[in-house]
Amino acid sequence: MRIVAAFDFISLVITTIAVFLLLKNWRRFIYTEIRYLFLGLFSLSGCYYLFMFIEWAGISTSLDKTEDLIGAMIPMLWAFIFYTFLQVIAKNELQNSERKYRNIANNLPGVVFRLHVNENGKNYFSFINTRGKELYGFTDDQSDIDTIINTRIYSEDRERIINSIAESINQKKIWHQEGRIMMYDGSLKWFAGFSSPTTEDDRLIFDGIFLDITLRKEAENALRESEEKYKLLIQNSSDAIFLFHNNHCELINKKFEEMFGLTINDINQPDFDFSRFIAPDSRQIFNKLKTRIKKRRNLDANYEFTILNAKGEEVEVDSSVNFIHNKDGTAIQGIIRDVAERKRLEEQLRQSQKMEAIGLLAGGVAHDFNNMLTVINGYSELLLNKNLPSELINPVIEIQDASERAARLTSQLLAFSRKQIAQPVLLNLNQVILDQLRMLHRLLGENIRISTALDPELRTIKADLSHIEQVIMNIVINAKDAMPLGGNLIIKTKNAEFDNDIFQNQQGTKNRRYALLSISDTGVGMDDITRSHIFEPFYTTKARDKGTGLGLATVYGIVKQNNGFIKVYSELKKGSTFEIYFPSNDEKVRDQSAPKKEESGLNGTGTILLVEDNEAVRNVTKITLENYGYQVITAADSEEALKIFNRQKDSINLLLTDVIMPLMSGKELADNLRKINSSLKVLFFSGYADDLTTGNEITKKNMNFIQKPYSNFELAKKIKTILKNNGMKL
């Protein structure tokens, strides 16, 4: 009886706990049948305890068997209910876990997949996450891996990926590949695939992931292109470049190899010593640089020293060395630049500046000289036209001859300084040379043989004829002095064209087509020092009474004035060659024959306004023109000339004015006077054109011009021609 009571008590406790758990966890039971099972059990337990109460109260004693039957069923039912309850809870938690991890898989940045391997070769994806469908457009009907590979994998990657999948399946090993997949819009995306094998129910399964690596690949390509670009820049640099790290040479470019005749393997040899490529005079500087590098001291921006190149020749270089700090330590990067060209250009600039300074001086001297020579020439001619005593005629003639020689000297100074107003015309160099040959034969004498090689197709040049004759004459005179015992003089012409931009930059010209005049001799030649000074004015190797040192300086000035350039080749005892290049064109030369000189009939009539700031020139010019029959009104400057012209504008037939004057130039004066009288004739004269713009304008507009010093005859002839063309009766 006690055992039954104890059993009943336990049943009551279990029922109470069950009711409590049922009420507390009612909403957790997602399956309604579990809820009904609990309700049934609760009802059954309630009947059992009701029967017990009826029996206990003595209301009825016929329920023993029913009570016993129910009492026996209750523990079994509770055991079943608890087992079912635990199964349901476990299944619920499993579904929650699966749902959670599926959500994680679907939201991963890559494509998560499960591949089932079949023995018949029909492998398929049993799972592809949502991200895969979004990224690559996979659909449920594309679960067959062969379909995906054949339709979506880029053709260039397809065979490699198929082989790698087959190998991983056969060897049951981890699979990893990178490739490109075609999107539905036609674009390509890079992916990296990873998967590992496992077995499930004796079936081989690969679980893996595809990651979109398109951005990484683009970055890698950009980096590779950048590296390739800078590699090309380094390799094609005109400077020698090197890189050392941990005493090991990691990089040298082509220029370094060409400069020193070395490879990386040569430099990395244990016994290699770069000092043998340093000229003896520069080894002290190089050793100081080495010491600074070893001690990691601050380096100077540049080091200049002399190296020995692959041919053993000394080459001046400029070196820049820097430390590069990175995670692997400190590297040494350097650049070695051949500065021979820079030095040449610097020397060329210094030479040009020196020549320009001397040219300015020469031009100024020539200007004053020409004014004085104009006075000397004028008065000597006036004296010779007088009835001088016989004993005075020869001295005056000597004065005139000396003045003419001085005029030629100042002409050379002006040509050198490029301050002479040129009167360019179309010229054929062949004809100019042929016209001068007879005179050149007399100049050189019988012991020097002249030979020519003239190109019949030679293009024309545009230059002042007297300038070109002066160039030829001065070079020939130098050649004669270089061949005191006789020899050969060779004059050649030919067309030349240059397409090399570097050459054009060096010469400072944009012209490509030239006519070449080459004059060679078999004389004593020149050394490098002499050759570097030959175009400097007043530089000469001749005796003091044999030369002025202006001949080749004049040549230089004329050639530069005509936008040409000169090359000189010479060696001691092997002669010299001057190559002179003039810009050429295809225009044909007109008849160059000069008009016959008129010896008489230069007297004329009319009024001339003479404007000259030099009193001596003004006076002699006034006397000269009055002797030829003209009325002359003089003015010392432009302002005075303007006042005179305003008073007598109707009577003045010609303005004779200097080009360069204070306050107002002759050109500006002429423009102002022509505003008053547009028919006014003008004749400009000048000792030199300090203002090249004015001089060029006079030349281009074919204005009347006469160069100081001039003879009285030349001045009178020029004026008569101008006034005659104006229709005046002279």
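The values are calculated or read from the model by the stated rules, or taken from the named source; none is laboratory data. Just so it is clear, the model here is predicted, and its values are computed rather than measured. Counting neighbours? That spans all protein chains shown, and the Cβs are built from the backbone with ideal geometry, glycine included.
Note on the range 317-349: residues that are within 24 Å of the chain's Cα centre (by Cα) and more than 13 Å from L289 (Cβ to Cβ) amount to 15.
Among the residues of the range 165-190, those that are polar (S, T, N, Q) and under 24 Å from L215 (Cα atoms) comprise Q177, S187.
How do the pairs read when you match residues in the range 437-463 that are without any contact (Cβ under 8 Å) to a residue 12 or more places away in the chain with residues anywhere that are assigned to a strand (DSSP E or B), using Cβ under 7 Å and keeping only pairs 6 or more apart or on different chains? Matching pairs, first to second residue: H441/I450.
Residues that are surrounded by 15 or more Cβ atoms within 10 Å (Cβ to Cβ), modelled with pLDDT of 80 or more and polar (S, T, N, Q), at least 3 per element: which strands (runs of 3 or more DSSP E) completely within the range 503-585 meet that?
Values: elements: 513-521, 565-570, 576-585.
Those strands (runs of 3 or more DSSP E) span 576-585.
Which residues, counting only those in the range 645-654, are of a type in the set (A, V, I, L, M, F, W, C) and either within 16 Å of R618 (Cα to Cα) or surrounded by fewer than 21 Cβ atoms within 10 Å (Cβ to Cβ) (or both)?
The first filter runs over the range 645-654 and keeps only residues of a type in the set (A, V, I, L, M, F, W, C), leaving 645, 652, 654.
Within the range 645-654, L654 is the sole residue that qualifies.
Of all residue pairs spaced 6 or more apart or on separate chains, those with beta-carbon atoms under 8 Å, a first member in the range 151-178 that is closer than 18 Å to E200 by Cα and exposed (fewer than 13 other Cβ atoms within 10 Å of the Cβ) and a second member that is at pLDDT 85 or above and of a type in the set (A, V, I, L, M, F, W, C) are I174/F194.
In this structure, is S195 assigned by TED's automatic domain parsing to the domain that holds F113, without any contact (Cβ under 8 Å) to a residue 12 or more places away in the chain and among the hydroxyl-bearing types (S, T, Y)?
no
Pairs meeting the criteria (first residue in the range 384-410 and surrounded by 13 or more Cβ atoms within 10 Å (Cβ to Cβ), second residue among the polar types (S, T, N, Q) and modelled with pLDDT of 80 or more, beta carbons under 6 Å, at least 6 apart or on different chains) are V396/S380; I399/S380; Q400/S380; S403/N377; T410/N370.
Checking the structure you have, find out if any residue of the range 258-278 is touching a residue at least 60 places away in the same chain (Cβ under 8 Å), under 26 Å from N236 (Cα atoms) and touching an Asp or Glu at 6+ places or on another chain (Cβ under 8 Å).
First, pick out the residues of the range 258-278 that are touching a residue at least 60 places away in the same chain (Cβ under 8 Å): 259.
Next, only the ones that are under 26 Å from N236 (Cα atoms) stay: 259.
Within this subset, residues satisfying the condition of being touching an Asp or Glu at 6+ places or on another chain (Cβ under 8 Å) are 259.
Yes; the residues of the range 258-278 include at least one that is touching a residue at least 60 places away in the same chain (Cβ under 8 Å), under 26 Å from N236 (Cα atoms) and touching an Asp or Glu at 6+ places or on another chain (Cβ under 8 Å).
A Cβ distance below 8 Å, combined with a sequence gap of six or more or placement on separate chains, defines the contacts here; from the range 660-676, residues that are farther than 13 Å from E639 by Cβ reach residues that are of a type in the set (D, E, K, R) and part of a helix (DSSP H, G or I) in the pairs K667/E697.
Condition check ((1) surrounded by fewer than 23 Cβ atoms within 10 Å (Cβ to Cβ); (2) in contact with a strand residue (DSSP E or B) (Cβ under 9 Å, 6 or more places away or on another chain); (3) not in a loop (DSSP other than H, G, I, E, B)) across all residues:
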| position | (1), (2), (3) |
| --- | --- |
| K643 | yes, yes, yes |
| L656 | no, yes, yes |
| P662 | yes, no, no |
| V682 | yes, yes, yes |
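Here E250 meets the list (1) under 15 Å from V317 (Cβ atoms); (2) touching a residue at least 40 places away in the same chain (Cβ under 8 Å) almost entirely, failing just condition (1). All of (1) of a type in the set (D, E, K, R); (2) more than 30 Å from H176 (Cβ to Cβ); (3) out of contact with any strand residue (DSSP E or B) (no Cβ under 6 Å at 6 or more places or on another chain) hold for R216 with one exception: (2).
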